[in-house]
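Student: The structure under discussion is supplied below as structure tokens; questions concerning it will follow.
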Amino acid sequence: MRDIFSVEETNLMCVYGTNDRTTLITELKNRLPGVSDPEMRDIYESAIGKLQNISDGDFAGIGFYIADEYIEGTEG
């Protein structure tokens, strides 16, 4: 289930916090009107759509992390 989100989507969601799916969706939707970059808008919209299509249980089981932190934490 974790692979449903791209690295960009995961990093975006980590910025806003990933404790509650419904709150995260609301935060992303509230911020979307202020996003002018087309690529970033696509990331926001994609993340929102995916979040709306999963259950709270699936969301809770994802285990979010920022990609750079994960890579640094796994090196030797």
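None of the figures in this text is laboratory data; all of them are computed from the coordinates on show. It should be emphasised that the depicted structure is a prediction, and the values quoted were computed from it without experimental measurement. Please note: Cβ atoms are built from the backbone with ideal geometry, for glycine as well, and neighbour counts cover all protein chains shown.
Student: When the chain is fully extended, how far beyond the present Cα-Cα distance does Ile54 get from Asn30, taking 0.36 nm per residue of separation? Write down the numbers at each step before the final one.
Tutor: Numbers: separation 24, 0.36 × 24 = 8.64 nm, distance 1.97 nm.
The Ile54-Asn30 span can extend by a further 6.7 nm.
Student: Pull out a ≥ b ≥ c, the square roots of the eigenvalues of the alpha-carbon gyration tensor of the stretch 1-64, then state rounded if a/c is under 1.5, prolate if not and a/b is larger than b/c, and oblate in the remaining case.
Tutor: Values: a/c = 1.92, a/b = 1.55, b/c = 1.24.
Prolate, because a/c is 1.5 or more and a/b exceeds b/c.
Student: Which order results if Thr10, Thr26 are arranged by neighbouring Cβ count within 10 Å, fewest first? Could the numbers behind the result be given before it?
Tutor: On the way: Thr10 19, Thr26 13.
The most exposed by this proxy come first: Thr26, Thr10.
Student: With label points built 7 Å along Cα→Cβ from the Cα atoms of Ile4 and Met40, find their separation and express it in nm.
Tutor: Placing both labels 7 Å along Cα→Cβ, they lie 2.6 nm apart.
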